[in-house]
Amino acid sequence: MSGDGARRPRVAVFRPDDERIESAVELLRSLGAEPVADPMLEVEPTGAVPADAPLVVFTSKTGVELAAEASWEPGDADLAAIGPATAAAAREAGWTVDVVPDEYTSAGLVAALEPRVAGERVVVARSDHGSDVLLDGLREAGAEVTETVLYRLARPADAGDSAAAAAAGDLDAAAFTSSLTVDNFLAAAADRGVEDAARAGLANAVVGAIGPPTAETAADRGVDVDVVPDEASFERLATAVVDALDVESTHHD
């Protein structure tokens, strides 16, 4: 990263092209960075709603909002939400949330639900890219698990500006918010014929991953991760990435 102090560090952000990218851009600017907004995920609703079950698990704010828009109601079902943002969306829909794990991951959800799911029907309502960790873990705990795919996550056709910036050596940091954003970044780079150069650009940048599963995917794909925040939220990720850039620029000055 350049240590001239005048140039704001350029940080790639991959959130879906809705209020999430807008608030991410706003946050990064407030932290003194120049956001490179490059939505890597597009939400395609399936129109499905969760099946009836004593326990319904939501793994994203998007899933909750789509179910609520389709006029789905939990009825007598207990609800589990993967983290505070998902729980807040559920409460906003007028639902009661019974379980939020201490760790906002699939493994965290399994740990929180293990004691209560033996012999129980559980519906996991999520995207088509959910990890097997959740389904397998709940089944191992004795639950009868059904998955409802509420939406598909596609890579937008025009994604990849951040990969081009990385390839040109013009990216100071990248803030990956899911395993899929890592895969889609590399796929977009390959589509543009700049994968090797983009990988080299990432190697010279500060790479942040929102949580351990995303960091693991990046490592599996040969991308070194420098920063994983202690809480899986975009705010913590952005702050940790910008802090790491500040440390790096100090070393270069």
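General remarks:
- Computed extension length for A51-D246: 65.4 nm, one decimal, from 0.36 nm per residue of separation with the Cα-Cα distance subtracted.
- Cut-off of 10 Å, at most 14 other beta carbons, DSSP loop: longest stretch of the chain lacking such trypsin sites (Lys or Arg not before Pro): 8-220
- Near D78, the amide H atoms lying under 5 Å from its own belong to L55, V56; only residues 5 or more places off or on other chains count, and H is placed 1.01 Å from N.
- Rounded to the nearest whole Hz, the Karplus-based 3J(HN,Hα) values (6.51 cos²θ - 1.76 cosθ + 1.60, θ = phi - 60°) of region 170-186 follow the sequence 10, 10, 8, 7, 9, 10, 7, 9, 6, 4, 5, 5, 5, 4, 6, 4, 5, with x at glycine and proline.
- Dipole of region 1-128, positive direction: furthest Cα of V43, A67, G83, with charges on the beta-carbon: G83
- In degrees, nearest ten, helix 19-30 long axis to first principal axis of the chain (Cα): 40 degrees
- Contour excess over end-to-end distance, with Cα ends at D170 and D196 and 0.36 nm allotted per residue: 7.9 nm
- If you run the Gaussian network model on the chain, springs between alpha carbon atoms under 10 Å, then out of L180, L55, L31 the most flexible one is L31.
- If R0 is taken as 35 Å, the Cβ-Cβ distance between E19 and E140 corresponds to a FRET efficiency of 0.40.
- This model, with +1 at the C-beta of Lys and Arg and -1 at the C-beta of Asp and Glu, gives region 14-146 a dipole about its Cα centre of some 220 debye.
- F234 - accessible surface, heavy atoms, 1.4 Å probe, Å² rounded to 10: 20 Å²
- Sequence-distant residues sharing a close amide H with T146 (under 5 Å, placed H): V122, V123, V124
The values are calculated or read from the model by the stated rules, or taken from the named source; none is laboratory data. All values reported here derive from a predicted model rather than from experimental measurement. Reconstructed Cβ throughout: ideal geometry from the backbone, glycine too, with neighbour counts over all protein chains shown. We work out accessible area using only protein heavy atoms, side chains counted, and drop any ligands, DNA or RNA first. Shrake-Rupley method; radii C 1.70, N 1.55, O 1.52, S 1.80 Å.
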